[in-house]
Amino acid sequence: MENSNKIVPPHLNAEVYRTDTTGTSTISYFDYIRLHPDGTILVGSSELTGRYWNGAVSIFQKNTTDNKSHKTLRKDIYLTNGTADGCFTENSRKIILCEDNGAVSVWSRIENDAWNLWNKDLSVAEHDGAVMSVDCLAPNKEYVTAGADGNIKVWDTVDLLCVRNYLAAHSKSIQSVSVRPLSQSVFASGSLDYYVSMWDENIDSAATDLFKNDCGVRCLHWFDENHLIFGDEAGFISLIDIRKPGEVTKLIDFPAAVHKIVVQPECNRLSVCCDNKIVSVFGISEDLKLSLIYENRNLHSKFVRGMVWDNEDRNVLHTVGWDGNLMTHKLPHY
């Protein structure tokens, strides 16, 4: 073996590392997907390889000509850190991004801009950890975010002011927040501290702790005004009737932690992805039982992270994953 002839004095190691350009390439790991009613898709990604842990967002029109995967997405917004969630506001030219440095930022694009450039209008870093989840209370007015710092914040997005701050809402990272249907003040949160809690924007503390689980809660979503579905680290999906706090019905279990659940209320269907590459869709009966109607193990080669139901064809589901692909699933007619 030949000896390396590149001898670097110890005091110059930092300078060599700073100017070294090898190993800086990154891979986009898609983390979430949102779909605007006009057909615009928002995909957020984190680049957790190489020397720099950056992030990016792609905004583009849904491909209506075929259902092939979008393997290469042009990045419209580059971030200096990862992004775990984001959403559209009142139109597809304005978005809210959650960033890993604790910032919540508002971005907009000028209509008919030839360059299609996105500008950062406002950015405020008030979370003390990564911002994990965002949901809409009042369109184009109030949004709620939850962070790894255990805090929940309600934002006036016109000026990006925190109008209500729930400090230490949970004792560990809050993985998901979901606004109650037909409400502009009530929302639920699920945390790794095992608790599922319900909040009212008009009350300073938790309206009620709905349930204490046996392990960390990874995701949750409202099924209707009175029922909340959540997934946990043990792989269970459970149902809570908010009129009966403390009681829970276990619906089904998976071999891996449940990462995300998305309800399709008009069809009584539920899509599920776990810490694996499987996408599952269940029908929800009148007595709130689950029955498997679709499962795919092959479209993604790595973990599935985000899902969204199509707004034109109710039998189409779009998913993104850490393999860097956006895939479209065609379900059997149901």
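In terms of Cα atoms, the Rg and Dmax of the range 177-327 work out to 15.2, 47 Å. Here's the picture: charge each Lys and Arg Cβ at +1 and each Asp and Glu Cβ at -1 in the chain, and of GLY324, ALA84, THR145 the one pushed furthest to the positive end of that dipole is GLY324. Shown in residue order for the range 310-324 are the 3J(HN,Hα) couplings computed by the Karplus curve 6.51 cos²θ - 1.76 cosθ + 1.60 at θ = phi - 60°: 5, 9, 10, 10, 5, 9, 10, 10, 9, 9, 10, x, 6, 7, x Hz (x for Gly and Pro). Between the residues TRP118, ASN276, VAL154, the greatest Cα displacement towards the positive end of the dipole of the range 28-330, with unit charges on the Cβ of Lys, Arg, Asp and Glu, is found for ASN276. Straight Cα distances below 12 angstrom link LYS212 to the aspartates and glutamates ASP193, ASP232, GLU247, with same-chain residues fewer than 8 positions distant left out. For LYS330, the lysines whose Cα comes closer than 30 Å to its Cα, not counting residues fewer than 8 places off in the same chain, are LYS62, LYS68, LYS71, LYS75, LYS94, LYS250, LYS260, LYS277, LYS289, LYS302.
Dipole of the range 28-330, Cα-centred, from +1 at each Lys and Arg C-beta and -1 at each Asp and Glu C-beta, to the nearest 20 debye?
Values: 30 positive and 41 negative charges, 190 e Å.
So the magnitude is around 920 debye.
Of the residues PHE223, SER176, GLY39, the one whose Cα sits farthest toward the positive end of the charge dipole of the chain, with +1 on the Cβ of Lys and Arg and -1 on the Cβ of Asp and Glu, is GLY39.
Bear in mind that the values in this text are calculations on the coordinates, not laboratory data. Note that the structure is a prediction, hence the values are computed from the model and not measured. Every residue, glycine as well, gets a Cβ built from its backbone with ideal geometry; the counts of neighbours run over all protein chains shown.
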